[in-house]
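The values are calculated or read from the model by the stated rules, or taken from the named source; none is laboratory data. What you are looking at is a predicted structure, and each value in this text was computed from that prediction instead of being measured. Reconstructed Cβ throughout: ideal geometry from the backbone, glycine too, with neighbour counts over all protein chains shown.
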Amino acid sequence: MAKIKELFRRNKTTLIVSLPALLEQIIATIISNLGQLMIAYDQVMVNAIVQANTFYNIIIVAVNILAVGSIVMIARMRGAKDEGAEKIYALSFYTNVIFGLIISFVLIFCSDFAFHLMKVDPTVIPSANEYILYIACFVLFQAMSSSLATFLRAYKKNRILTWVSASTALLNLGLGALFLFVFKMGIVGMALALSISRVVAFILYAYYYWKEIHISLSIKMMFPFPFKLYGKMFSIGLFCVIENLSYNFANLIILVAINGYGISAGNIAGFVNTLVVVAYIFASGLIQESQVEEGEFIGEKEYDKADLLVKDVIKMSLLIGMSFSLGLVGIGYPLFLFLMRTAENPSAAALLAVEILSIDVLLEVGRIINVILVRSLQVAGEGLIVMIIGIFSCWLFIVGGTYLFGNYLGLGLIGCWIGLTIDSLFRAGSLVFLWRKGKWRESKLS
């Protein structure tokens, strides 16, 4: 107990700085879970949103390329006292504008084909298409918001990020309830509520960016075009995005397998994935801020401080995350009896969910370590090897494991989670080895 107290005391400043990001994550998770509770009465709607979000998440990762690359380069260049960082802002922003327009086009014209390819239940496809259509029209606002939020985070404007996230999440929930229960708009109402909240988020981010940062986003800032800087930003972000894209594609293939088990299985998987966010929410919030501090340490050549920071973040995140993960197992049965109350056999569905949540405890150990070390190694210039490990693991263990345990051995949804858990633990072990090896100390990015 004394060691735990010392761990948190030693990182008091980091925890305080990270508190707004943690609150942002917590609020978003609560709102997301409340949103799931609102639509639980309609299993087709639940499944349509699960299918649509899986397809959407594959496409939207493109906007993260420059978001990841820019926050890393801003942190490192500021740590090295490099004044050339100002060009990063316009580069990232206008790249995301282009990506946003392309993504809208892909979502509008390719969704129906994608859902048939995913073997989505025919009764679900019309609702999924309708949801995607409304979301696609507002992707540009999410893409621009991603850049602006990244810039604010790089300048540690954490309270602003928390305020914007909380207010727009509450707006989304309130509008969703209004459109769903008062105007009876069904899945269109949920899509409109989300889209409107994203427009409002962009307006708020834009306002606070101009108020707090004062760095021009004029397209003139891109000329003469800084090819070397853009290449560094793009390569850092691309390693992250390729890995995420591979992981999301692997999850898409898993969902195709799950779709073969029926609508209830897909809904259980969707609810579980929403709920288990509480297990790694602390890690996700903490690494958002500590990666800026880590980047500054590396820019200043303070490698031992960066090493201690990352190790402490992992220890704190595991202690808190495992408590939440075990708590979910404890309340899983009554919770899923409610969530699956309109399913064909609610009791059997709830028992299956508890089994999955029990397996997921081990999965979250690996996931927490991965959330932290993936970001930490990318900041330290080791994005390529992280990407290779991630791609290898997800296709061998997630996809291979799902079809081995889920289909070939007949374990169904439980088999899918076994594959996911093996992937999570393998990647965690590999990244821990990579970090401890210390090659990242020789990075030439800064």
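Run GLU289 past the list (1) part of a helix (DSSP H, G or I); (2) over 30 Å from GLU442 (Cβ atoms) and report the number of the one that doesn't hold.
(2)
Do any residues in the stretch 161-184 that are under 16 Å from GLN142 (Cβ atoms) and modelled with pLDDT of 90 or more have Cβ atoms under 7 Å from those of residues that are of a type outside the set (Ser, Thr, Tyr) and not in a helix (DSSP H, G or I), where the two are at least six apart or on different chains, and which pairs are they?
none
Report whether or not LEU373 is in a helix (DSSP H, G or I), free of Cβ contacts under 8 Å to residues at least 24 places away in the same chain and more than 23 Å from ILE263 (Cβ to Cβ).
no
When the stretch 301-312 is examined, which residues are found to be of a type outside the set (Asp, Glu) and part of a helix (DSSP H, G or I)?
TYR303, LYS305, ALA306, LEU308, LEU309, VAL310, LYS311
Within the stretch 208-231, can you find the residues that are β-branched (Val, Ile, Thr) and not in a helix (DSSP H, G or I)?
ILE213, ILE215
Residues to consider are ALA62, ALA28, ALA75; find the one that is of a type in the set (A, V, I, L, M), at pLDDT below 85 and either in a loop (DSSP other than H, G, I, E, B) or over 17 Å from the mean Cα position of the chain (by Cα) (or both).
Only one candidate passes the filter, namely ALA75.
Tell me the residue from GLY415, GLY429, GLY401 that is under 26 Å from the mean Cα position of the chain (by Cα), within 30 Å of GLU302 (Cα to Cα), part of a helix (DSSP H, G or I) and of a type in the set (Gly, Ala, Ser), please.
GLY429
Could you list, in sequence order, the residues of the stretch 250-262 that are surrounded by fewer than 19 Cβ atoms within 10 Å (Cβ to Cβ) and not hydroxyl-bearing (Ser, Thr, Tyr)?
LEU252, ILE253, VAL256, GLY260, GLY262
Name the residue that is modelled with the highest pLDDT, counting only residues in the stretch 313-365 that are assigned to a helix (DSSP H, G or I), in contact with an Asp or Glu (Cβ under 8 Å, 6 or more places away or on another chain) and of a type outside the set (A, V, I, L, M).
Among residues in the stretch 313-365 that are assigned to a helix (DSSP H, G or I), in contact with an Asp or Glu (Cβ under 8 Å, 6 or more places away or on another chain) and of a type outside the set (A, V, I, L, M), the one modelled with the highest pLDDT is SER325.
Quick check on my filter: what residues within the stretch 263-312 are farther than 22 Å from PRO20 by Cα, modelled with pLDDT under 85 and of a type in the set (Val, Ile, Thr)?
Listed by number, the list holds a single entry, ILE298.
Does the stretch 120-132 include one or more residues that are surrounded by fewer than 20 Cβ atoms within 10 Å (Cβ to Cβ), aliphatic (A, V, I, L, M) and over 18 Å from the mean Cα position of the chain (by Cα)?
yes
Does ILE298 satisfy being in contact (Cβ under 8 Å) with a residue 60 or more places away in the chain, among the aliphatic types (A, V, I, L, M) and assigned to a helix (DSSP H, G or I)?
Yes.
Is there any pair with a first residue in the stretch 103-117 that is without any contact (Cβ under 8 Å) to a residue 40 or more places away in the chain and a second that is part of a helix (DSSP H, G or I) and of a type in the set (Gly, Ala, Ser) whose Cβ atoms are under 8 Å apart and which are 6 or more apart or on different chains, and what are they?
SER104/ALA136; ILE108/ALA136
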